[in-house]
Amino acid sequence: MGRTEQEDNFSNNVIWYNFILCILVILIHARNDSIFTLPVQISGFPVFNELEAFLASDVAGAAVGGFYLGSGYLFFRNYSWKRVFSKYKSRVKSLVIPYILWTLLYFFIHAAISRIPVLAAVFREAPIQITWKSMADAVLHYRYCAFLWFLQFLILYAAFSPAIYLLIRSRYFGAAAILVVFFTACTNIIKNEQAAAVTNWMTLYMLGGYIGIHLKGIVEKGRTSTRMLMGTLILAAASFWIYKKYPSVFGVLFYSFSFSAALWCLTAWEKDGAGTMPRARGWQKNTFAVYMTHFMIVQGVNALAGRYISQSMWVGFFLFLILPAVCFGVVQLAKRICGNGTWILWKIWMGSR
């Protein structure tokens with residue numbers, strides 16, 4: 001059977017939602033005001049560096065929560081007890097195998113750089129010993145790709161998905177369970193930093209799953225009105241003020257949720273009887289590949305430009321703005337080289353995406 005117009009619109013909105021969040025994540029790691037800073041201190045004109053810090057730290061910071069909310073929604077929207085093992089199988093291919101491969105790849109890249117004096121000096125890489133213990137450490141603690149904590153948390157949530165589903169499958173009990181997790185996160189009663197982080201982001205992951213189970217029809221029915229869009233934008237602005245005025249786990253989670261809701265309403269906004277978002281292009285779907293490769297691209301470009309081109313804030317801010325396009329361009333080129341994504345090696349590394 002062919003896809004309905006509603007399914008096509010929903011799929012297109014998901015692509016745009018993930019694409020915009022991916023750009024924001026790139027901006028988080030593309031921040032380079034610590035590299036292009038000396039001329040600012042001399043001239044006393046730090047406006048571009050301050051703007052970069054605002055975009056990378058404050059605005060883009062909501063993207064992480066947005067991904068957890070969306071991931072929870074997509075995982076549980078068609079979940080059932082009969083699909084537990086098929087879900088496990090799909091997540092092993094789409095999350096576990098790529099996570100292991102990429103953590104090892106980053107480990108060997110860093111090890112190689114540490115053995116090349118010129119590159120070791122540029123990237124300030126200390127000598128790295130290649131042993132079974134160091135490789136296991138690289139995988140378990142994402143030692144050389146710190147941004148992959150996000151993927152490790154997703155793997156953990158998928159592993160415990162039957163327990164999460166048991167908690168949220170009931171409308172009222174599920175809402176109560178999410179509130180318990182939310183207040184547990186906000187009260188900071190969990191002292192272990194890693195466990196606290198898992199709990200914090202689980203709030204949004206569970207909330208996304210809850211929405212996918214109980215409010216799927218509302219989310220996927222079609223377009224959102226201008227009134228709803230304006231309401232979510234006002235809520236996002238208010239939550240941002242709370243997030244900045246009273247820094248806390250509550251502020252982070254509230255802002256992340258509000259920002260994500262506004263972004264979703266924007267992608268699904270209906271103006272004059274038609275959707276506002278054009279049909280997504282193929283390269284916009286490469287968000288997973290971009291996420292897995294963007295860190296080495298932005299760090300490499302910033303480090304090399306700061307050392308060999310200029311430390312001017314003009315150069316730094318220009319790079320900051322164009323690095324998302326560079327990342328998507330590099331990935332699209334690599335995908336075309338790999339048979340437009342048909343090569344088995346590409347599929348394994350990209351989780352069959």
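Numbers for the structure displayed
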{"item": "Expected 222 nm ellipticity per residue - DSSP helices of 4 or more, -39500 (n - 2.57), all of the chain, to 500", "result": "-23000 deg cm²/dmol"}
{"item": "Residue of L253, L323, L166 that the Gaussian network model of the chain assigns the largest fluctuation, springs spanning Cα pairs under 10 Å", "result": "L166"}
{"item": "Positive minus negative residues near G208 (Lys, Arg vs Asp, Glu; Cβ under 13 Å)", "result": "+2"}
{"item": "Gain on full stretching of the segment that runs from I109 to K82 - 0.36 nm per residue minus C-alpha separation", "result": "5.6 nm"}
{"item": "R0 of 22 Å, Cβ-Cβ distance M228-W283: FRET efficiency to nearest 0.05", "result": "0.15"}
{"item": "Dimensionless Rg/Rh of the chain - Kirkwood Rh, Rg from C-alpha atoms", "result": "0.97"}
{"item": "Cross-link reach list, aspartates and glutamates versus K216, counting only Cα pairs under 18 Å and skipping chain neighbours closer than eight places", "result": "E5, E7, D8"}
{"item": "Cβ-placed point charges (K, R +1; D, E -1), dipole of the chain about Cα centre in debye, nearest 20", "result": "1080"}
{"item": "Label-point gap, in nm, between K133 and F183 - each point 7 angstrom along Cα→Cβ", "result": "4.6"}
{"item": "Candidates E50, E220, E270: whichever shows maximal mean-square fluctuation once the chain is modelled as a Gaussian network with Cα springs under 10 Å", "result": "E50"}
{"item": "0 to 90° range, to nearest 10: angle between helix 149-159 axis and the chain longest Cα axis", "result": "30"}
{"item": "The stretch 227-274 versus the stretch 173-205: alpha-carbon centroid distance in Å", "result": "21"}
{"item": "Within a Gaussian network of the chain (alpha carbon springs, distance under 10 Å), most fluctuating of G208, G65, G306", "result": "G306"}
{"item": "In degrees, nearest ten, helix 226-245 long axis to first principal axis of the chain (Cα)", "result": "50"}
{"item": "Förster radius 30 Å - calculated FRET efficiency between V326 and S170 (Cβ-Cβ, nearest 0.05)", "result": "0.05"}
{"item": "Percent RCO, i.e. relative contact order, over the chain, from Cα pairs under 8 Å lying at least 6 residues apart", "result": "33"}
{"item": "Positive minus negative residues near C338 (Lys, Arg vs Asp, Glu; Cβ under 14 Å)", "result": "+4"}
{"item": "Simple spin-label estimate for Y246 and L156 in nanometres, 7 Å along Cα-Cβ", "result": "2.7"}
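Here, each number is a calculation from the coordinates, and none is a lab measurement. Source: prediction; values computed, not measured. All Cβ positions, even for glycine, are placed from backbone atoms using ideal geometry, and neighbour counts span all protein chains on display.
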